[in-house]
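Structure first, commentary second.
What follows draws every value from the coordinates through simple rules; no lab data is involved. Nothing here was measured: the structure is a model prediction, and the numbers come from that model. FYI the Cβ positions are ideal-geometry reconstructions off the backbone, even for glycines, and counts take in every protein chain you see.
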Amino acid sequence: MGYLKNKLLLLIFFQVCHIRNTNTFVLIPSFKFMDYKEVYDRLNDNQKIVVNTIEGTVMVVAGPGTGKTQVLGARIASILNKTDTQAENILCLTFTEAAATELRNRLNAMIGSESYKVGIFTYHGFCNMVIQDNKDVFGVQHLDSISDLETIEVLREIIDELSSNSLLKRYVGDVYFDVNNLKNLFALLKN
């Protein structure tokens, strides 16, 4: 039987609530359950083309909030339901950890624990896994993540190499003043 029978898709919508007399806003989740047919019926024509494309590679390029995660999850569920493709033979790459996590959660709601067999990675995470699994091919024997100190050293080297008209290059005061801001920015972009 197909994976989609009697499965529900849990969509989490957040309401933004302001806490009185503070500058604090909190996100309060509200839940809406949708079965696969309801998810599919809500897709536009172009999204349905992606979901119905069973063979080959599909790249979805669209702006924020346009339903990319929903479409990719529905396409994976459709492929698993309509073919004999094994979940571990599907690879899905995203740009951010947040998108990968959201896709995994939505797919899990649609097909259950089989979703954990689907390869869902960020581009960087996938490339890191390939390098880690094939160190001899890449000519390396030992790879570790760089430490915080090494990260700061690399960022300082980058600042040193910036052109003289770069907005990130300071010529007065602490020339490395923005190193921590850059480090935090890269962490934010990663997520």
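Only lysine pairs 8 or more places apart or on separate chains count here, and in segment 36-135 those with Cα atoms under 21 Å apart total 8. Annotation: the residues VAL58, VAL39, sorted from fewest to most other C-beta atoms within 10 Å of their own C-beta, follow the order VAL58, VAL39. When each of the peptides 116-124, 43-51 is scored by the mean number of other C-beta atoms lying within 10 Å of its residues, the order from highest to lowest reads 116-124, 43-51.
Built from the Cα atoms of segment 45-85, the convex hull projects on average onto 2.8 nm², one quarter of its surface area.
Highest average first, the peptides 158-166, 67-75, 179-187 ordered by how many other beta carbon atoms sit within 10 Å of their residues are 67-75, 179-187, 158-166.
The convex hull drawn around the Cα atoms of segment 51-152, when projected onto a plane and averaged over every direction, covers 8.8 nm². Computed from backbone phi with θ = phi - 60° and the Karplus coefficients 6.51, -1.76 and 1.60, the 3J(HN,Hα) list for segment 171-186 is 10, 10, x, 6, 5, 9, 3, 8, 4, 5, 5, 5, 4, 5, 5, 5 Hz; x is used for glycine and proline.
Based on the mean of other beta carbon atoms within 10 Å per residue, what is the order of 59-66, 171-178, most packed first?
Working: 59-66: 8.6, 171-178: 10.2.
In decreasing order of mean packing, 59-66, 171-178 become 171-178, 59-66.
When MET110, MET129 are sorted by how many other C-beta atoms sit within 10 angstrom of their C-beta, beginning with the fewest, the order is MET129, MET110.
Amide H contacts for ILE120 (H built 1.01 Å from N in the peptide plane; partners 5 or more residues away or on another chain; cut-off under 5 Å): CYS92.
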